[in-house]
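So the structure is just underneath, and the comments pick up after that.
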Amino acid sequence: MLLCGSMGQAVNVDELIRELQSKLDELSRVVAELRAVVERYAGGPEAPPSWMIPRIFVWYEIYLEGGIVGKDRFYEIGRKYGYKTRGLGGFFTGSRPSLRYVGVKRDRVMLEEWAAKEVEKYREWIEKNIEHYRRQ
């Protein structure tokens with residue numbers, strides 16, 4: 001969709017929205033890192049390392065559901081924390097993936113034990129901060 005800007009130029013609204021969303025996602029990550037630094041120096045529950053935010057909230061939601069969820073539920077959880085479906089693939093890669101597919105049809109997602117331990121370690125911080133990171 002094109003609109004006319006204040007100087008008479010055409011503005012592609014869809015492109016503008018994508019660019020703004022990207023910047024807002026980046027800003028959310030920076031705010032998360034700042035919160036973790038403040039928590040570390042101001043006392044309170046120990047904050048996870050910045051690379052773990054917002055991953056730890058996705059892990060936490062899966063943890064609360066017994067450590068295994070269906071793919072659709074996993075996508076729903078991911079969206080709550082700003083992930084697009086494609087971006088969720090990163091949970092399954094690297095030298096220590098935090099999630100894996102299970103089930104005969106590989107239609108369920110299971111939290112790896114090491115990630116569950118991280119949730120337990122930072123649970124107090126997660127519960128104190130989760131509302132700040134959820135997308136409404």
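Just so it is clear, none of the values below were taken in a lab; they were calculated from the coordinates. Predicted model only: the values in this text are computed from it and were never measured. Cβ sites come from the backbone with ideal geometry, for glycine too, and all protein chains shown count toward neighbours.
When the dipole is taken about the Cα centre of the chain, and only Lys, Arg (+1) and Asp, Glu (-1) are charged at their Cβ, what size is it in debye, to the nearest 20? With Lys and Arg at +1 and Asp and Glu at -1, about 340 debye.
Filter the GluC sites (Glu not before Pro) in segment 10-109 down to the DSSP loop ones having no more than 15 other Cβ atoms within 10 Å, then list what survives. Taking segment 10-109 and a limit of 15 other Cβ atoms within 10 Å, the loop GluC sites (Glu not before Pro) found are E46, E65.
Within segment 96-132, whose backbone N sits under 15 Å from a point 7 Å along Cα→Cβ of D72? Residues passing the 15 Å test: 107-109. Shown here: semi-axes √(5λ) of the Cα gyration tensor in Å, derived from the displayed model; of the candidates (i) 31, 22, 11; (ii) 47, 15, 11; (iii) 31, 17, 14, it corresponds to (i). Among the trypsin sites (Lys or Arg not before Pro) in segment 78-132, those located in a DSSP loop and surrounded by at most 12 other Cβ atoms within 10 Å of their own Cβ are K84, K105, R106.
Net length available on complete extension from T93 to A10 is 25.7 nm, with 0.36 nm assigned per residue and the Cα-Cα distance removed.
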